[in-house]
1. Considering each of GLN406, GLN356 in turn, give the residue that is surrounded by 17 or more Cβ atoms within 10 Å (Cβ to Cβ), without any contact (Cβ under 8 Å) to a residue 24 or more places away in the chain and over 19 Å from LEU122 (Cα atoms).
2. Which ones in the stretch 492-532 are in a loop (DSSP other than H, G, I, E, B), more than 26 Å from THR404 (Cα to Cα) and not small (Gly, Ala, Ser)?
3. Name the single residue, out of those in the stretch 37-84 being over 36 Å from the mean Cα position of the chain (by Cα) and not in a helix (DSSP H, G or I), that is modelled with the lowest pLDDT.
4. Looking for whichever is over 19 Å from the mean Cα position of the chain (by Cα) and either assigned to a helix (DSSP H, G or I) or at positive phi (or both) here; the options are LEU336, LEU317. Which one fits?
5. Looking at this structure, is GLY305 in the same structural domain as ALA156 (by TED's automatic domain parsing) and outside any loop (DSSP other than H, G, I, E, B)?
6. Tell me which residues, restricted to the stretch 292-319, are over 20 Å from ALA254 (Cβ atoms) and surrounded by 19 or more Cβ atoms within 10 Å (Cβ to Cβ).
7. Could you list, in sequence order, all residues of the stretch 493-511 that are among the acidic types (Asp, Glu) and surrounded by 14 or more Cβ atoms within 10 Å (Cβ to Cβ)?
8. Determine if the stretch 271-287 includes at least one residue that is modelled with pLDDT of 90 or more, buried (at least 17 other Cβ atoms within 10 Å of the Cβ) and farther than 21 Å from ILE107 by Cα.
Amino acid sequence: MLNTLQNKFLNVTKTVFPDQPQLFVEWNEDIRHLMASEGDYQPCQSLKAFFVIMDRLGKDHQLKFENMEQWVQDYKDEIRSFVLPYIRIVGEETTLNSLKSSNRQVINSLLNQNFADSGSALLFHRLRETISKNEFDIATEIPTAKIAEKALEATAQVRSEDAYLKMKSNAAIEQWKNLTSQAITSMDDLTADIFDIVSILWMQQATHKDQMIHFHTDDALNLRRLQGRSEDSDGYQTSYRKKERDDIMKRLAALTTIWIRIERENLRFINEDQGNFEEIGQVQFNPLFLVDSVTVAYRGDNPIGIYECSIRPGELLSNFLFGSQKSSGLLALKTLEYHPTKQKYHKRLSRYLSWQWRIRQKSADYLRAYHIGGEKGLLNVMDLDVNPRYGSRIKEQFEEILDTLQMDGIIKEWSYKEKDLEQQIEQERNWFANTWLKARVQIIPPTEITGIGDDRDLLMIEDHDYEPVNFSTMLKGLTETEAAASIEAVEETLVTPENINKERIDRGLSISQAANEMGISHSTLSRYERNLIKRPYTENIEKMKEWLNAN
């Protein structure tokens with residue numbers, strides 16, 4: 001049966017997508033997994049889109065899926081136009097990945113972008129999280145953090161070893177020792193930012209794993225969009241205060257004191273994009289970053305600090321940032337701008353979503369909801385307090401963080417998965433622990449992540465939580481599937497302030513007249529159109545939806 005199905009898809013892809021030779025290979029692999037009844041397997045976005053359009057055509061024209069070779073030519077254009085937006089172009093190069101000749105050029109380019117290519121392997125993400133939350137145990141002789149998740153088992157230590165440093169002067173050695181002496185107290189969200197910044201700059205410029213790049217504190221301060229006291233003709237900020245530069249260099253020095261080791265022998269690093277693995281034997285402790293060519297700044301004859309150096313990732317880290325095992329994702333550069341203490345939760349959630357979206361990229365499983373509470377929940381990701389005594393404050397803070405990420409373009413939209421959540425909360429005394437912590441949120445990535453400009457296209461494929469057997473069921477008949485429900489849902493106009501405002505104006509109605517037709521107060525409608533109501537009542541949304549989609 002599998003060979004027959006593969007032949008059908010081969011013929012269809014040759015007919016409909018002759019210019020997309022990689023499509024059959026990708027679909028063929030997905031079909032094999034689906035027919036093997038791998039319940040948690042998610043096919044690629046383009047195959048999901050193909051299922052949906054074929055199901056629609058079958059229902060509209062009484063066509064049988066098993067006979068698709070006979071009728072697909074008649075609907076070729078319709079199928080192509082529907083599926084093409086979901087096809088991932090393999091090996092596509094973007095300006096995000098192009099090499100730049102100098103840091104200045106890289107910085108100026110990044111300042112004109114919303115997202116940048118950064119490390120996104122599981123080890124990279126967990127190390128960054130360990131650094132941001134300072135999870136090193138200082139009770140041990142050497143401050144140590146254990147990292148254990150899925151197949152990964154590693155140890156990170158903060159060490160004072162500096163034998164590998166190549167410094168030419170005693171002044172440089174003394175300045176560097178002064179910086180690294182504060183390493184364990186410097187593990188925070190600003191240090192996690194520097195981890196990202198150095199990785200981004202190195203990935204943009206490196207042509208081989210051992211390449212050093214030049215780093216200046218002003219590079220990081222520019223990327224954090226802090227205002228310098230002078231500005232060059234190209235907009236690059238300079239003449240920062242000594243404390244601002246010291247804060248950056250102290251964090252960079254802290255990163256160079258971190259040594260990592262993979263604990264499990266012959267650990268399999270899963271390549272989540274390709275589905276294969278490369279065995280890496282147990283290794284000794286390896287420095288996270290290596291520095292060279294440290295330059296000491298002087299005021300007169302007195303050394304006042306180190307503000308620039310050459311740097312590269314260590315052997316282990318470089319495997320994940322360069323070459324065949326490179327694992328990268330897009331990080332919102334706005335993350336670097338958030339205040340490292342006042343907005344640390346914003347930073348942590350943004351980094352986590354960047355990592356999650358990279359994992360979900362292949363199957364475009366972007367709309368799977370996130371849990372709020374629990375060990376894997378978003379509150380734990382951010383390290384937010386879950387004390388029920390402050391339930392209302394925590395809920396408000398959580399929603400404010402998501403609202404800010406949406407306003408800043410890091411996410412496109414968010415909503416609670418449980419549509420009647422607010423009503424449940426109003427009716428329950430112990431709502432925080434019993435209801436809210438168990439709730440989920442759906443977070444829609446921006447277009448830069450999904451490559452899909454219209455939310456309706458994204459929702460058509462992914463709006464429902466598919467049961468594990470659904471895609472296999474589609475392959476075996478495409479009878480009653482949840483894809484049909486997705487199609488019906490997307491045919492309705494979404495309720496948004498912009499859509500409500502446009503429809504009201506198109507109908508030539510005042511706010512009072514439209515509100516009267518909907519059955520809601522004119523003040524509610526006015527505030528909603530102006531985007532002043534962040535979480536409208538479900539009842540009002542349903543009334544607006546009915547009005548918006550009325551013939």
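The values are calculated or read from the model by the stated rules, or taken from the named source; none is laboratory data. If you're wondering where the values come from, they're calculated on a predicted model, not measured in any experiment. Positions of Cβ are generated from backbone atoms using ideal geometry, with glycine treated the same way; all protein chains shown enter the neighbour counts.
1. Testing whether each residue is surrounded by 17 or more Cβ atoms within 10 Å (Cβ to Cβ), without any contact (Cβ under 8 Å) to a residue 24 or more places away in the chain and over 19 Å from LEU122 (Cα atoms) leaves just GLN406.
2. If the condition is that a residue be in a loop (DSSP other than H, G, I, E, B), more than 26 Å from THR404 (Cα to Cα) and not small (Gly, Ala, Ser), then GLU492, ARG507, LEU509, ILE520 are the ones that fit.
3. The residue in question is LYS64.
4. Of LEU336, LEU317, the one residue that is over 19 Å from the mean Cα position of the chain (by Cα) and either assigned to a helix (DSSP H, G or I) or at positive phi (or both) is LEU317.
5. yes
6. ASN319, the sole residue that qualifies.
7. Start the filter on the stretch 493-511 by keeping residues that are among the acidic types (Asp, Glu), which leaves 498, 503, 506.
Answer for the stretch 493-511, where residues must be among the acidic types (Asp, Glu) and surrounded by 14 or more Cβ atoms within 10 Å (Cβ to Cβ): just GLU503.
8. Step one: list which residues in the stretch 271-287 are modelled with pLDDT of 90 or more, which gives 287.
In the following step, the residues that additionally are buried (at least 17 other Cβ atoms within 10 Å of the Cβ) were identified as 287.
Next, only the ones that are farther than 21 Å from ILE107 by Cα stay: 287.
Taking every residue of the stretch 271-287 in turn, at least one turns out to be modelled with pLDDT of 90 or more, buried (at least 17 other Cβ atoms within 10 Å of the Cβ) and farther than 21 Å from ILE107 by Cα.
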